[in-house]
Each structure stands twice: as C-alpha cells, then as structure tokens.
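Please treat every number below as a calculation from the coordinates, not as lab data. What you see is a predicted model, and the numbers here were worked out from it, not measured in a lab. Methodologically, a virtual Cβ is constructed for each residue, glycine included, from the backbone with ideal geometry; neighbour enumeration extends over all protein chains shown.
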Ligand code: G3P
C-alpha cells in the first residue's frame with residue numbers, strides 16, 4: 001500500500017517527503033483554508049516538493065464549470081489530480097475530465113455504490129472517508145474492504161482506492177491489511193506511526209551502554 005500525506009502545509013509535506021515514506025499528497029478546501037495561503041500558490045509549491053500525484057479539489061457546482069476550474073489546475077504540473085466531490089454533477093465532470101486526459105480523484109465517498117459509480121465514470125482514484133463513518137457509529141474499514149472486493153472482482157476497473165479521513169495508525173495498518181491501494185495520512189498520524197516506547201527506551205539504553213565503551 002502506498003502512503004500519501006493529507007495536508008496543505010508545505011513544511012509538513014517537506015519533512016515527511018524527506019523521510020522517504022510518502023509518494024503523493026491530497027488536499028481539500030478545508031486543508032487549503034487551514035494553510036492560510038492562496039490555493040494555486042500552495043499547489044504549485046507542493047509540485048516542487050513531491051514527485052507523485054497531488055490532489056487539488058474543484059469547488060464549482062456545474063460539470064462544465066468544474067472542468068473549466070480543473071483545466072488551469074491540471075496545467076500546473078502533470079502530477080496534478082483533480083479532486084471532485086461525489087454527486088451526479090461530479091460524475092458528469094469526471095467523465096468529461098477523463099475524456100480530456102485529466103486524472104481525477106472522486107472524493108466524499110461513503111458507500112460502495114458511490115465508489116462503483118465513480119469508477120464507472122472513469123475516476124483515477126476514489127476516496128472513501130473512513131474516519132467520518134466511524135464518527136457516526138458506522139464501520140469505515142468495512143467500506144474500504146467492500147470497495148477492495150468489488151474493484152478486485154471487476155477486471156474493467158483500474159481505479160485506485162485512497163483510504164481517506166484517517167484518524168490513527170490503526171486505520172493505516174487495517175487499510176493495508178485489507179488490500180487498499182493508498183492511505184492518505186495526516187501529518188499527526190504519520191508522527192504517531194513513528195513511535196514505540198520500546199524503540200525510545202532501546203535507543204536510550206544503547207546510548208548509555210555506548211558511553212561506557214573504551215574509545216582509545
Ligand atoms: O482529504 C479528505 C479527508 O482525508 C478528510 O479527512 O479528517 O477531515 O475527515 P477528515
């Protein structure tokens with residue numbers, strides 16, 4: 001399973017990219033707002049940091065307007081993926097963008113039926129939101145599993161699944177175990193994935209013992 005980072009904060013992207021663990025970035029309007037910067041400026045800067053898919057979301061409501069909004073974004077860099085909110089108009093926009101050779105990530109997926117429709121409309125990626133399902137007392141991971149099974153059973157589907165709305169390291173590990181293609185992980189969760197108390201105490205013990213080794 002590939003790991004992307006789910007953020008629009010370039011310092012976070014740079015740090016995690018330098019660790020060698022991510023190969024893509026996802027943003028959304030809320031994350032862009034949190035960065036406090038202009039949308040295009042952030043997206044352009046991300047393309048100079050990460051050499052992999054970078055999702056930038058359109059906000060227009062009409063399919064043709066979504067396509068018009070997508071064109072200048074897609075022109076920024078070949079790695080740009082246009083993120084489209086799932087609904088009827090979004091599917092129409094997805095079909096049009098696919099015909100134009102623009103790669104898409106259909107987002108805000110909360111059911112296997114939605115994922116299947118997005119795949120049929122030509123989506124390059126679908127983003128089921130597992131944390132937000134858990135938040136309302138549903139099993140988000142079960143949705144990921146269902147979509148994996150459906151896509152695996154249909155040789156005409158090449159759409160990749162991005163487990164999104166990740167809240168903790170267990171989400172990442174479980175997504176990998178059920179065969180999800182990608183997990184897009186917030187910076188905070190990547191930092192949590194680094195930690196184990198036995199690693200910390202192990203390093204401290206090695207340092208302590210090393211200090212006792214004669215150096216000359
Ligand atoms: O990028 C979309 C998704 O990952 C958002 O997650 O935490 O706002 O539910 P969250």
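Computed from the alpha carbon atoms alone, the convex hull of the stretch 22-88 holds 90 Å³ per residue. Put in order of Cβ neighbour count within 10 Å, fewest first, the listed residues 124, 212 become 212, 124.
Here the stretch 79-124 has an Rg and Dmax of 9.4, 28 Å, counting Cα atoms alone. Between 182, 13, 49, the GNM of the chain built on Cα springs shorter than 10 angstrom shows 49 fluctuating the most.
Quick one: 94, 180, fewest Cβ neighbours within 10 Å first, how do they rank?
Lowest count first: 180, 94.
Starting from the alpha-carbon convex hull of the stretch 110-150, give the projected area averaged over all orientations, in nm².
Orientation-averaged projected area of the Cα hull: 2.6 nm².
Quick one: among 198, 91, 108, which has the greatest mean-square fluctuation in a GNM of the chain with alpha-carbon springs under 10 angstrom? Judging by the Gaussian network model, the answer is 198. Modelled spin-label separation between residue 134 and residue 206, with each label point placed 7 Å from Cα along the Cα-to-Cβ direction: 3.0 nm. Pairs of Cα atoms nearer than 8 Å and 6+ residues apart set the relative contact order; for the chain it is 17 percent. Listed by Cβ neighbour count within 10 Å, with the fewest neighbours leading, 76, 162, 9 appear as 76, 9, 162. With kT/(6 pi eta Rh) evaluated at 20 °C and eta = 1.002 mPa s, and Rh the Kirkwood radius from Cα pairs, the stretch 1-54 diffuses with a coefficient of 196 µm²/s according to Stokes-Einstein.
Remark: C-alpha extents of the stretch 71-158 on the principal axes read 40, 29, 23 Å, sorted largest to smallest. When Rg and Dmax are taken over the Cα atoms of the stretch 125-216, they come to 19.5, 67 Å.
Among rounded, prolate and oblate, which fits the stretch 1-115 when a ≥ b ≥ c are the square roots of the eigenvalues of its C-alpha gyration tensor, a/c under 1.5 means rounded, and a/b larger than b/c means prolate?
Prolate, since a/c reaches 1.5 and a/b exceeds b/c.
The Cα-based radius of gyration of the chain, divided by its Kirkwood radius, gives an Rg/Rh of 1.06.
May I ask for the angle, rounded to the nearest 10°, between helix 63-74 and the longest principal axis of the chain, with both axes built from Cα atoms and the value confined to 0 to 90°? Between the helix axis and the principal axis of the chain, the angle is about 40 degrees.
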